[in-house]
Amino acid sequence: MLIITRRPGEKVMLGDDVVIEVIEVSGSSVRIGIDAPKSIPVYREEIWTAVRDENAAAAKSDANLPEDLPLKT
Amino acid sequence: MTTETITLESSRFGTVEVPAEAVVEFPTGLIGLGGRRYALLARNEESTFVWLHSLEDPELALPLTNPWQFFNSYEVELSDDEADRIGVSDAEETAVYVTVRAAETLEDFSANLRAPILIANGHGHQVINQAPDAPVRAPLFAGTTEAAA
């Protein structure tokens, strides 16, 4: 992993189009700003991981799904 | 006039001819799974579950459902950035699905309310729902398993 030291207000470029800026450092939190093209979705990693895992689990579903199911009311 | 069809190869369903209008392009794929071209398959108009099936990978398919069939008060809230990114403007024209994790028993079936799939005009996006109380694993049949047995 590349590790870079930056101060608030300083930025990192990912390629030509993605800019990551350190906005503020406060205690154990860092606020960062991300400027990316619309074609690149940006996620918090833990949400991305949870959704990836659910997608993978859904994709393991058997072809025979029940029909005529009791619906929640 | 003949309806244009596309041949879909499926490890689950064999070779299926699907109408061209069932094809959904995902510009950024599904989160963590990728894939750019899928088709929506349903047994019939009233099916509780539909399949989002890859046109590129015969093994890749996810069951989806209409979240309001199970969760009456479900809401989808998008951040401004995300709404802008996917270009959703007309909620009336946008179909909303959630992915389903099927299981051995009905009580273990769940839906991902956090990351719904929005489809409009043949284009699909899996988005992060900002609404509170939108878990990634919401039981579909909690409390109804006895009725189902």
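The values are calculated or read from the model by the stated rules, or taken from the named source; none is laboratory data. These numbers come from a predicted model, not from an experiment. Positions of Cβ are backbone-derived with ideal geometry, glycine not excepted, and every protein chain shown enters the neighbour counts. Heavy atoms of the whole protein, side chains included, go into the accessibility calculation; ligands, DNA and RNA do not. Shrake-Rupley method; radii C 1.70, N 1.55, O 1.52, S 1.80 Å.
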Inset, instruction - State the number of residues belonging to segment A:14-39 that are modelled with pLDDT of 95 or more and loosely packed, with under 10 Cβ neighbours inside 10 Å. - result: 6
Legend entry - Leading residue by the ranking (modelled with the lowest pLDDT) among those in segment A:40-68 that are at the interface with chain B (Cβ under 7 Å from one of its Cβ atoms) and exposed (fewer than 12 other Cβ atoms within 10 Å of the Cβ): A:Glu67
Legend entry - The one condition in (1) out of contact with any Lys or Arg (no Cβ under 7 Å at 6 or more places or on another chain); (2) under 21 Å from B:Ala103 (Cβ atoms); (3) part of a loop (DSSP other than H, G, I, E, B) that B:Leu52 fails to fulfil: (3)
Inset, instruction - Identify the residue in segment B:84-138 that is of a type in the set (Val, Ile, Thr) and facing chain A (nearest Cβ under 9 Å) and, among all such residues, is most open to solvent (accessible area, probe 1.4 Å). - result: B:Val136
Inset, instruction - Could you please find all residues in segment B:60-76 being farther than 23 Å from B:Leu33 by Cα and open to solvent by less than 80 Å² (accessible area, probe 1.4 Å)? - result: B:Gln69, B:Phe70, B:Phe71, B:Tyr74
